[in-house]
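S.K.: One structure, as structure tokens, below. Some questions next.
The values are calculated or read from the model by the stated rules, or taken from the named source; none is laboratory data. Computed from a prediction, not measured in an experiment: that's the story for all the values here. Here the Cβ positions follow ideal geometry from the backbone for every residue, glycine too, while neighbour counts run over all protein chains shown.
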Amino acid sequence: MKNVFLFGYYGFENTGDEAMLQVIVQQFRRVLPEVKLTALTYRAKDTIERYGIDAVSRNHFKGVVDTIKRSDFVISGGGSLLQDVTSSRSLIYYLAIIYLAKRLGKKVMFYGNGFGPIIKPFNRKLAKHIVNKVDIITVRDHGSKEKLGLLGVKRDVTITADVTFAMDLPPKEVIETIYRDEKIDETKKMVGVSVRRWYGEDTYKRAIARICEELIDRNYEVIFIPMQYPEDTHISREIADLMNKKPKIIESRYNPEEIIGIISRLDLLIGMRLHSLVFAAVAAVPMVGLEYDPKILSFLNLVKQRSAGKVENLDITHLREIVDEVINTREEYKRNLMEIRDELREKAELNIKILEQFIKKGEKR
């Protein structure tokens, strides 16, 4: 039996990262059912119960090392783990896992990852040295491949897609129950909003509050959809406090399929979180992205949707123009999504196929 160690930003109640882990587990069970999976996570007990796999706490250093020793493959399972915009500490932590795995003779794969940006010179030098030892690299977009090339990575890089494009929508009855429980008025047109904390909060909180009030004035139901708990719930409430007319805020915690289900009924999504936008694309819901990271614009270009610009410079006049444009030509943006969605779903399945071929090739030697 092969042992695979999956590492990522798991166990932090981030819907996007949990969705990636869920899809990867499902792909392994379908294609490589004999493989034993262990995930690096912040909450080991919760991960074990939720996904039915083994888990090791990211804070248990000896446990992490022992898990790597027992593994045949070490896999970076989705997300933009290798970047230093948020901190150098997490970058070095993940690079250390890769370095240790290679020192122990393990095969390492990047599984539909995003990459970068890595800005600090020392971090770039370290990342270049370690990433050039990785056996298989698949990335979710052209931008990530370009960043790897500029870093000096000489390995072959295959562009696939974000693994969450392989997700399905939940049954209609599940969505209807959620909307009923949340007391959302489906007789109105609906706009979802996904926000997170970032630099320039005073600027973008005011702009988002203003556009939401204007949409409510136009008889839209505005729904804030937190993608990470409780952080996104808090900032959603702060924006709501700036408004005279109050939006809905999804207070309950839902699994990734349920969040996709909530988004699937919307007429428009305004989103900062990458996976709020990915989920909208899966559900063919037109979107307006708010850029806090280069990965947002990269994704919007991929799915032919609009950006309202960088969050720290968010301007209500420009935001209003973009929102109105997408609303007024909604069917065109929806068609764009439907054309590319199936292609990206197929590419999301390439990650497990490439790994399967690599394993079988190794077994024949």
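S.K.: Can you tell me which residues in region 131-190 are of a type in the set (S, T, Y) and assigned to a loop (DSSP other than H, G, I, E, B)?
M.R.: Correct list: T160, T187.
S.K.: Name every residue in region 20-29 that is touching a residue at least 60 places away in the same chain (Cβ under 8 Å) and more than 14 Å from Y111 (Cβ to Cβ), in order of residue number.
M.R.: Matches in region 20-29: none.
S.K.: What number of residues in region 73-117 are at pLDDT 95 or above, in a loop (DSSP other than H, G, I, E, B) and either surrounded by fewer than 19 Cβ atoms within 10 Å (Cβ to Cβ) or out of contact with any helix residue (DSSP H, G or I) (no Cβ under 7 Å at 6 or more places or on another chain) (or both)?
M.R.: Summing the residues that are at pLDDT 95 or above, in a loop (DSSP other than H, G, I, E, B) and either surrounded by fewer than 19 Cβ atoms within 10 Å (Cβ to Cβ) or out of contact with any helix residue (DSSP H, G or I) (no Cβ under 7 Å at 6 or more places or on another chain) (or both) in region 73-117 gives 2.
S.K.: Of the numbered conditions (1) touching a helix residue (DSSP H, G or I) at 6+ places or on another chain (Cβ under 9 Å); (2) part of a helix (DSSP H, G or I); (3) over 21 Å from A348 (Cα atoms), K245 satisfies every one except a single condition; which is it?
M.R.: (2)
S.K.: Between M272, M243, which is over 17 Å from the mean Cα position of the chain (by Cα), surrounded by 14 or more Cβ atoms within 10 Å (Cβ to Cβ) and farther than 20 Å from D168 by Cβ?
M.R.: M243
S.K.: Shifting gears a bit: Name the single residue that is modelled with the lowest pLDDT among those in region 304-313 being buried (at least 20 other Cβ atoms within 10 Å of the Cβ) and not in a strand (DSSP E or B).
M.R.: Going through the qualifying residues, I end up with V311.
S.K.: So, one more: Filter region 213-231 down to residues that are within 24 Å of the chain's Cα centre (by Cα) and within 18 Å of G289 (Cβ to Cβ) and give me whichever is surrounded by the most Cβ atoms within 10 Å (Cβ to Cβ).
M.R.: Checked region 213-231; the qualifying residue surrounded by the most Cβ atoms within 10 Å (Cβ to Cβ) is P226.
S.K.: For region 1-67, please list each of the strands (runs of 3 or more DSSP E) lying entirely inside it that holds at least 2 residues being touching a Phe, Trp or Tyr at 6+ places or on another chain (Cβ under 6 Å).
M.R.: Once the strands (runs of 3 or more DSSP E) in region 1-67 are filtered for at least 2 residues that are touching a Phe, Trp or Tyr at 6+ places or on another chain (Cβ under 6 Å), what remains is 36-41.
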